[in-house]
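What follows is a single structure, written as structure tokens, with notes after it.
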Amino acid sequence: MPPGRREPRGGAPAAVPERPPTSAAQWAVAQVAAVADSPRQRIALLARTYRGPYGRAPRHLPFRRAAMSFMRWQADRGVLDPLTARPPGSRWWRAVNDRLLRDGCEAMARSGGMPGRPSSPAVGLWTAFVDRPTARNWYRAHNASIVGGYLDNRDLAERESMPERFFLNVVLLRVLYAHALVAAPRLALGRLAVLGRFLGDPRLGMTGVFLSLGRVLPDRYPLAAELRGYLAQEHHLGRMLDYGVIQPRLQLLYDWSAGELDLPGLCDLVRDGNPTYAWSYADRQVWAPPGGALPRILGRVTAPRP
């Protein structure tokens, strides 16, 4: 029987009016639930949030580029597939993606006049982006949703394979670093800080290097091989970026991001400059930079400055 209908005693179906959502948060939950098992519809819902409640938001639309790149990469890997698929999608990736979609939908609904208090601090940051669409405001909203999803779903992360848990940390440090390129370029690039806004602007194609991740992570889920096999196959450019540029400033990056996003729990996901999200500190040797002169040169040239 279709939703919203019931079978009365006489046998003929009678329509039951749908109960309208009483808040922007409830409306957002319903929107995400409706697309939960369709990666294609998830992408379409994300795209609609950048058009605003009335279908036209020209100042916001350019920021859709980076968000779509990140989500298409997830869909292509299969992590957003239904749990009944063969192979099934990832409970962790789906939950984090749900959080991003809900926050964006709720902020859009609130901008259209739907009532209700924000369901999370990230919704307030999305509202700030709606009011003033700048690169820094977009990163604050986007990364607050992503980090909130990380913090809320650590139990699901622990169920992922060891290689997948390693790459969950790589994804996190990448999105945090992309934010710092725009909002803290001296931290991100040191003496090359002048390049930060160009490299990190989510409206430009260069941001795909950090958020599309297709050159960093294996392109299918679930991961079947051992971690060292994936590390050996990691793209050379991505490896140089992660180990030569990002890793030397990782502790500073997480500490700065925790303050920028007002999410102190983020500081618990790193220890002595080693990522520890669903990852044991005892296994920190995987974060040691590879040998060779190039990582050292990159580290010196881009050393963070106050």
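The values are calculated or read from the model by the stated rules, or taken from the named source; none is laboratory data. For clarity, every value in this text was computed on a predicted model and none was experimentally measured. Reconstructed Cβ throughout: ideal geometry from the backbone, glycine too, with neighbour counts over all protein chains shown. Just so you know, the surface numbers come from the protein's heavy atoms only, side chains and all, with ligands and any DNA or RNA stripped out. Shrake-Rupley method; radii C 1.70, N 1.55, O 1.52, S 1.80 Å.
Across region 152-208, the qualifying residues are those that are of a type in the set (A, V, I, L, M) and not in a helix (DSSP H, G or I), and the one among them that is most open to solvent (accessible area, probe 1.4 Å) is LEU204. Comparison of GLN41, GLN31 shows that the only residue that is open to solvent by less than 60 Å² (accessible area, probe 1.4 Å) and farther than 19 Å from PRO222 by Cβ is GLN31. Taking the criterion of being within 24 Å of ARG65 (Cα to Cα), modelled with pLDDT of 95 or more, surrounded by fewer than 21 Cβ atoms within 10 Å (Cβ to Cβ) and in contact with a helix residue (DSSP H, G or I) (Cβ under 9 Å, 6 or more places away or on another chain), would at least one residue in region 218-237 satisfy it? The answer is no, given that none of the residues of region 218-237 is within 24 Å of ARG65 (Cα to Cα), modelled with pLDDT of 95 or more, surrounded by fewer than 21 Cβ atoms within 10 Å (Cβ to Cβ) and in contact with a helix residue (DSSP H, G or I) (Cβ under 9 Å, 6 or more places away or on another chain). Checked against (1) at pLDDT 95 or above; (2) within 18 Å of LEU125 (Cβ to Cβ), GLY89 passes all but a single condition, namely (2).
Note on region 78-95: residues that are crowded, with 22+ Cβ neighbours inside 10 Å and either touching a Ser or Thr at 6+ places or on another chain (Cβ under 9 Å) or assigned to a loop (DSSP other than H, G, I, E, B) (or both) amount to 4. Whether a residue is in contact with a Ser or Thr (Cβ under 9 Å, 6 or more places away or on another chain) and in contact (Cβ under 8 Å) with a residue 40 or more places away in the chain was assessed, and ARG99 passes this test.
For region 140-160, the criterion of being free of Cβ contacts under 8 Å to residues at least 24 places away in the same chain and not charged (D, E, K, R) is satisfied by no residue at all. Taking the condition of being open to solvent by 60 Å² or more (accessible area, probe 1.4 Å) and part of a loop (DSSP other than H, G, I, E, B), how many residues in region 265-276 meet it? So the answer is 1. Candidates in region 277-293 are the residues that are free of Cβ contacts under 8 Å to residues at least 60 places away in the same chain and surrounded by 14 or more Cβ atoms within 10 Å (Cβ to Cβ); of these, the one that is nearest to TYR230 (Cα to Cα) is TRP287. Answer yes or no: is there a residue in region 64-76 that is farther than 16 Å from LEU100 by Cα, surrounded by 15 or more Cβ atoms within 10 Å (Cβ to Cβ) and modelled with pLDDT of 95 or more. No, because not a single residue in region 64-76 is farther than 16 Å from LEU100 by Cα, surrounded by 15 or more Cβ atoms within 10 Å (Cβ to Cβ) and modelled with pLDDT of 95 or more. The residue that is nearest to LEU199 (Cα to Cα), among those in region 129-145 that are part of a helix (DSSP H, G or I) and out of contact with any helix residue (DSSP H, G or I) (no Cβ under 6 Å at 6 or more places or on another chain), is HIS142.
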